[in-house]
């Protein structure tokens, strides 16, 4: 189990462009900044003092156990919030947030978010709706982990990365993601991921040559009993 307070965490250098005020019409509640691919937004063990919202790009959340084992706990995209633990009194970050692509991310200080929740009904509704949806997703992830095979878990993870099932058009081409990352996401080995990725490619469910393209036919793996 990952402890709430983690000591001795190695801090990763944060590389991003200088922050700037949000564009006109977007309000003055937060600061928006650009992060290059591979940059760290915050590290496990940092002070939890702000909420973030992704305007563009994708980020991953990872945790490292006291034994040094790393796991990917979420991959998030445009419109998603992260760092919400600060609103529940979480003093330190329990995960590391890293940009998987070039990103634009808004940072909202905890005190500002608390005030907005009390005074801005639209924002309160948006955040509540998101958190409820996120809770449902976590429950689905747990069920997937407990009852589905690693092949089905991988297929579901790829479909979610491509935004199948979300509002709007799926992003068929997935940002660069390693087989090691996929393995930690679904709780299996890299060799198993490699085996199933090659199988999916042979069946025409994906195209996997430098970039990863996911076809809707991959749903057959998830739906098949």
*Where in region 116-225 are there helices (runs of 4 or more DSSP H), lying fully within it, with 2 or more residues that are modelled with pLDDT of 90 or more and within 22 Å of the chain's Cα centre (by Cα)?*
121-147, 150-161, 179-186, 190-202
*With (1) in contact with a helix residue (DSSP H, G or I) (Cβ under 7 Å, 6 or more places away or on another chain); (2) in contact (Cβ under 8 Å) with a residue 40 or more places away in the chain as the list, and residue 86 as the residue in question, which single condition is left unmet?*
(2)
*What do you reckon, is residue 78 closer than 22 Å to residue 122 by Cβ, surrounded by fewer than 17 Cβ atoms within 10 Å (Cβ to Cβ) and out of contact with any helix residue (DSSP H, G or I) (no Cβ under 9 Å at 6 or more places or on another chain)?*
yes
*Output the number of residues of region 181-210 satisfying the condition of being within 16 Å of residue 62 (Cβ to Cβ) and either touching a residue at least 12 places away in the same chain (Cβ under 8 Å) or exposed (fewer than 12 other Cβ atoms within 10 Å of the Cβ) (or both).*
6
*Does region 107-125 contain any residue that is over 16 Å from residue 54 (Cβ atoms) and either touching a strand residue (DSSP E or B) at 6+ places or on another chain (Cβ under 7 Å) or not assigned by TED's automatic domain parsing to the domain that holds residue 57 (or both)?*
yes
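The values are calculated or read from the model by the stated rules, or taken from the named source; none is laboratory data. Since this is a predicted model, take the numbers as computed values, not measurements. Counting neighbours? That spans all protein chains shown, and the Cβs are built from the backbone with ideal geometry, glycine included.
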